[in-house]
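Engineer: The structure is given below, and queries will be raised subsequently.
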Amino acid sequence: MRHASGLSQEELAHRAGLNRNYVGLLERAANSPTLDTVERLAEELVVDPARFFDKAGEQ
């Protein structure tokens with residue numbers, strides 16, 4: 001979803017108020033986000049937070 005939005009990890013992290021390294025860990029499934037983090041990322045990616053849990057929505 002981040003790639004489709006044309007955002008770098010750094011830009012997405014900045015917009016969502018997160019650390020860039022943390023965004024990378026989330027993308028590699030090396031860390032699990034809180035619901036608050038899911039909401040913040042979804043807001044910046046302009047997607048429904050449920051898309052993060054939809055296997056068919058994986059990019």
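Engineer: Which of the helices (runs of 4 or more DSSP H) contained wholly in the stretch 1-48 include at least 2 residues that are modelled with pLDDT of 95 or more and β-branched (V, I, T)? It would help to see each step written out before you state the result.
Structural biologist: On the way: elements: 9-16, 20-27, 35-45.
Per the criteria, 35-45.
Engineer: Right, here's the next one. Just give me the residues in the stretch 3-25 being within 14 Å of E39 (Cα to Cα) and open to solvent by less than 40 Å² (accessible area, probe 1.4 Å), in sequence order. Give the derivation first.
Structural biologist: The initial filter retains those residues of the stretch 3-25 that are within 14 Å of E39 (Cα to Cα), namely 12-13, 15-18, 23.
Across the stretch 3-25, the qualifying residues are L12, A13, A16, L18, V23.
Engineer: Just checking, how many residues over the stretch 28-48 are open to solvent by less than 90 Å² (accessible area, probe 1.4 Å) and out of contact with any Leu (no Cβ under 8 Å at 6 or more places or on another chain)?
Structural biologist: Quick first cut of the stretch 28-48, residues open to solvent by less than 90 Å² (accessible area, probe 1.4 Å) only: 29-31, 33-34, 36-38, 40-42, 44-45, 47.
Next, only the ones that are out of contact with any Leu (no Cβ under 8 Å at 6 or more places or on another chain) stay: 29-30, 34, 36, 38, 42, 47.
Residues in the stretch 28-48 being open to solvent by less than 90 Å² (accessible area, probe 1.4 Å) and out of contact with any Leu (no Cβ under 8 Å at 6 or more places or on another chain): 7 in total.
The values are calculated or read from the model by the stated rules, or taken from the named source; none is laboratory data. The shown structure was predicted, so the numbers you read here are calculated from the model rather than taken from an experiment. Heads up, the Cβs are rebuilt from the backbone with ideal geometry, glycines too, and the neighbour counts pull from every protein chain shown. When the accessible area is computed, the model is the full protein with side chains, heavy atoms only, and any ligands, DNA or RNA have been set aside. Shrake-Rupley method; radii C 1.70, N 1.55, O 1.52, S 1.80 Å.
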